[in-house]
Each structure stands twice: as C-alpha cells, then as structure tokens.
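K.L.:
Sharing a structure here in structure tokens format.
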Amino acid sequence: MATFLCKDFAINTSIVIFAIKTIQSMAKVTNFSESASDSLQISASANEKGIEIIKSVADFYKAVPMTTSLNVANIFGKQHKHVLRDIKELDCSDDFRESNFGLSFIIRELPTGGSKQEPYYTITRDGFTFLAMGYRGKKAAEFKEAYIKAFNEMERELNNWKQTRCKAKEIRKSLTDAIKNNLDTSKPFVYSNYTKLAVRKAFGKSIEQMREEKSISNVDNLRDFLNSEEVKKLEYFESKIAGMVDTLKILGMDDKDIYDKIKKANIK
C-alpha cells in the first residue's frame, strides 16, 4: 500500500489529485490511497499504453492536466531515479521548474515493517514537453505522441466539465428554489434529502455509496468528482424533481406526500 504526500506546488496548494479517463479506451482503475485533505490521492485510469494524466480538484476551475515522474519512468522504460535526475538537470529557469514540476513524496510500506519515503514529481504538459525533448528514438517519439494525445483529451474533459458544471448550477438553483418556494424549509434535512434523492434517481446508488466508490470524503462536494456526463445526468433528474415539486404542491399535496410521491416515481 502506498500513501502520497504533496509538498508546495506553484500551480495548486494543498493539492488533492485523482486521474480520470485520458482517452476513449480506458483499461482499468486502481485506487492507491484513501482520501485525506493533505494527501495526493490518485485513482489512476490508464489508456491502452498505460499513460496516466491527473487533474487537481482542490480548485477545480483552475485545474490543469498533469502526469507524474513515476508514470513517465514506467512508460519510457527508465528507472525512476534516472527520470528524477533528468528533471534536476534540466536547463530551465527556476520559475519554469517551480511552475511545472511539483516535488512530492510517496511513502511505501516495507515488507519487513516500517516505511520508506521516496520523492517523485507531478509534471504539467509544458514540463513534460521540456523533459521529453531529451528522449530520443522511434519508441520515445511514439510515447511522446501518445502523451500529447492524452493531455489533449484531459483538457477537453476539463473544459466540458467546467461548461457543464456552470449550466448545472442553474438547474440546481431551480431545485433549491422549488424547495424554498413550496416546502417547509425550517424542518431539518429538507435540502439534503432532495439532493440524496436526486443522486439515487440518477445513479441508482446512495450518495454514501457514490462517495465510497470515488474515495470522496464527507467534506468534499460530490459534484466536483463527477465527470461531465455524470453531471448532465444528475442535472436532468434535479430538473425533473424540481418540476414535480412545483406541480405536486399546486395539486395541494403536503410536504411528506410530495417527497414520498417523488421517491416512488419512475422518473424517465
């Protein structure tokens, strides 16, 4: 088992990172660590070449695609210590290095007991491009091209997410407005009960199950960990539920009956 710790990184502070699908053919998902506010959490999704691109969710709207020196070493068939050496020996400015290479540590448990702390770097697209300039040969060129494709896919996913998330905020407001205008919000958990209901309708799972599957802590916003398609799906059911709350209230139903009716409804 490995735990990831992240030191200062110029682009993001207190980074919590996880990997998402980089290209259409996703191979597998592996969870490396439990969620923690100061840890580097990675749920690695690899394409057919094993390339991993990660994104920050600490400040999602400023997120940038990144990879790691560990993944670069694996893909290019190099010892990790040699990739660390290559990064340290790059002929670049201090500003460029601080902005594009984030020094982090992985703590490995030893089979004999105890643990060992090993350094690695998170690397931006610009950092990878600078580093990979020194890797020559046909195979290296193939890997560089695959990385560029993966970075592009991640950027598209981030842009789609941001656009979808902005639209979803308006839909979410329509649900909260429907609750505010029609239900007794002085009672506890009114808003959260409808949020949980929307999640279950959208994904067929409880919000607690979704958090567990995505390794999300209770203090994090589930929406920040949904991809653009998942956000659209949740948005659809929130919109439907908002309309039902308005309609059922007009029909004279009380708050409990409205909730029970929506809970039992087969919303399409």
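The values are calculated or read from the model by the stated rules, or taken from the named source; none is laboratory data. Just so it is clear, the structure is predicted and the values come from calculations on it, not from any experiment. Backbone-built Cβ (ideal geometry, glycine too); neighbour counts: all protein chains shown.
K.L.:
Does segment 224-236 contain any residue that is more than 17 Å from GLU170 (Cβ to Cβ) and surrounded by fewer than 16 Cβ atoms within 10 Å (Cβ to Cβ)?
P.N.:
Yes, because at least one residue in segment 224-236 is more than 17 Å from GLU170 (Cβ to Cβ) and surrounded by fewer than 16 Cβ atoms within 10 Å (Cβ to Cβ).
K.L.:
A further question on this structure: Do you know which of the residues in segment 117-143 that are surrounded by fewer than 18 Cβ atoms within 10 Å (Cβ to Cβ) and among the small types (Gly, Ala, Ser) is nearest to VAL72 (Cα to Cα)?
P.N.:
The extreme case among them is ALA140.
K.L.:
Here is a further query. If you check ALA242, ALA265, ALA198, ALA202, which single one turns out to be in contact with a helix residue (DSSP H, G or I) (Cβ under 9 Å, 6 or more places away or on another chain), among the aliphatic types (A, V, I, L, M) and surrounded by fewer than 16 Cβ atoms within 10 Å (Cβ to Cβ)?
P.N.:
ALA265
K.L.:
Sticking with this structure for a sec: List the helices (runs of 4 or more DSSP H) inside segment 167-268, counting only whole elements, that have at least 2 residues being of a type in the set (Gly, Ala, Ser) and either more than 27 Å from GLU153 (Cα to Cα) or modelled with pLDDT of 95 or more (or both).
P.N.:
Result: 190-203, 228-250.
K.L.:
Next question, about the same structure. If you go through segment 237-268, how many residues are of a type in the set (D, E, K, R), within 21 Å of ILE171 (Cβ to Cβ) and touching a residue at least 60 places away in the same chain (Cβ under 8 Å)?
P.N.:
4
K.L.:
Here is a follow-up. Return the residues of segment 175-195 that are of a type in the set (Gly, Ala, Ser) and surrounded by 13 or more Cβ atoms within 10 Å (Cβ to Cβ); say none if nothing qualifies.
P.N.:
ALA178 - this is the single residue of segment 175-195 that is of a type in the set (Gly, Ala, Ser) and surrounded by 13 or more Cβ atoms within 10 Å (Cβ to Cβ).
K.L.:
Then there's this: As an exercise: evaluate THR124 against (1) within 15 Å of LEU70 (Cβ to Cβ); (2) of a type in the set (Ser, Thr, Tyr); (3) in contact with a helix residue (DSSP H, G or I) (Cβ under 6 Å, 6 or more places away or on another chain) and give the number of the one condition it does not meet.
P.N.:
(1)
K.L.:
Residues that are at pLDDT 90 or above and among the basic types (Lys, Arg), at least 3 per element: which helices (runs of 4 or more DSSP H) completely within segment 27-137 meet that?
P.N.:
Helices (runs of 4 or more DSSP H) meeting the threshold: 80-88.
K.L.:
Evaluate the following for ALA146: is it in a helix (DSSP H, G or I) and surrounded by 14 or more Cβ atoms within 10 Å (Cβ to Cβ)?
P.N.:
yes
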